[in-house]
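The values are calculated or read from the model by the stated rules, or taken from the named source; none is laboratory data. Everything numeric in this text was worked out from a predicted model, so none of it was measured. Backbone-built Cβ (ideal geometry, glycine too); neighbour counts: all protein chains shown.
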Amino acid sequence: MASEEEKRELIGKLEALVQEQYDGDYKTAFDHYANKRSESGSVDADELSDLLSDAGVGNAFTRGFWVDGVMAEVDKDNDGFITYSELQSILQQGV
């Protein structure tokens, strides 16, 4: 489990990415990554890794740990995918 400081860093970097590349539109950003590889409408581990890389989270050696941690926190139904509603619930909590 990530520390509160690591969670704040993660959220800050994701917010910066969404602001800079998607004009602050989380749905557009989510859709970009959700359909990047699989066109499933949900974000899988590989798409999440792409998102974290673009946001500057971790590096080639640590990104897998970040992906595992984010999936564990956000994927509430444990199906291996993050839906937009799962993401929204996390963002509303300010994790």
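With Glu20, Glu86 as the choices, which residue is modelled with pLDDT of 90 or more, assigned to a helix (DSSP H, G or I) and loosely packed, with under 13 Cβ neighbours inside 10 Å?
Values: Glu86 fails: loosely packed, with under 13 Cβ neighbours inside 10 Å.
Just one listed residue meets the conditions, Glu20.
Within the range 1-44, the set of residues being polar (S, T, N, Q) and within 15 Å of Trp66 (Cβ to Cβ) comprises just one member, Ser3. A search for C-beta distances below 8 Å between a residue of the range 1-29 that is at positive phi and free of Cβ contacts under 8 Å to residues at least 60 places away in the same chain and any residue that is surrounded by 14 or more Cβ atoms within 10 Å (Cβ to Cβ) and in a helix (DSSP H, G or I), counting only pairs 6+ apart in sequence or on different chains, returns Gly24/Val18.
Specify which of the listed residues (Val57, Val70) is touching a helix residue (DSSP H, G or I) at 6+ places or on another chain (Cβ under 8 Å), buried (at least 18 other Cβ atoms within 10 Å of the Cβ) and assigned to a loop (DSSP other than H, G, I, E, B).
Values: Val70 fails: assigned to a loop (DSSP other than H, G, I, E, B).
Val57 is the lone residue from the list that is touching a helix residue (DSSP H, G or I) at 6+ places or on another chain (Cβ under 8 Å), buried (at least 18 other Cβ atoms within 10 Å of the Cβ) and assigned to a loop (DSSP other than H, G, I, E, B).
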